[in-house]
Amino acid sequence: MSREMTLIVLGILTMIIPYTGFPSPWRTGLLVLIGAAVAVVGFLQRGEMLRTPRKSSTEHHPFQENTRPMDDVRMSEPEFHAE
C-alpha cells in the first residue's frame, strides 16, 4: 500500500474509532497508535522528499522576462510627406 493510501486509511480510522463502542482506554490507545503511525509515515515522506534531487532552475516556465533592456526600445518617428 502506498504511503498516501496509508494516510487516507489512518485518517478514516481516526474518524470511525470514536463511534465503534470500544472501551475508553482501548479507544485512547488506538488513537495514540494511529497518531504515531501518521507521524512515522509523515517522517518517511519527508525523508523521501529530501533525498530526491530538486528540479533544476532550467525547467520550462510559461512566462519569460523581457530580454531587451528598455533603453534599446526606440520609438519610430512619424513620417511627414511634403507635397
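Kindly indicate the residue of segment 28-83 that is open to solvent by 100 Å² or more (accessible area, probe 1.4 Å) and part of a helix (DSSP H, G or I) and also modelled with the highest pLDDT among those meeting that condition.
Checking each candidate, the answer is Leu33.
Give me the pairs, please: first residue somewhere in segment 1-20 and in contact (Cβ under 8 Å) with a residue 40 or more places away in the chain, second residue anywhere and assigned to a helix (DSSP H, G or I), beta-carbon distance under 8 Å, and either six or more positions apart or on two chains.
Here the result reads Arg3/Val41; Arg3/Leu44; Arg3/Gln45, each pair linking segment 1-20 to a residue that is assigned to a helix (DSSP H, G or I).
Just give me the residues in segment 9-27 being in a helix (DSSP H, G or I) and hydroxyl-bearing (Ser, Thr, Tyr), in sequence order.
Thr14, Tyr19, Ser24, listed by residue number.
The values are calculated or read from the model by the stated rules, or taken from the named source; none is laboratory data. Keep in mind it's a predicted model, so treat the numbers as computed, not measured. No Cβ is skipped: glycine too gets one built from the backbone with ideal geometry, and neighbour counts run over all protein chains shown. With ligands, DNA and RNA removed, areas are computed over all heavy atoms of the protein, side chains included. Shrake-Rupley method; radii C 1.70, N 1.55, O 1.52, S 1.80 Å.
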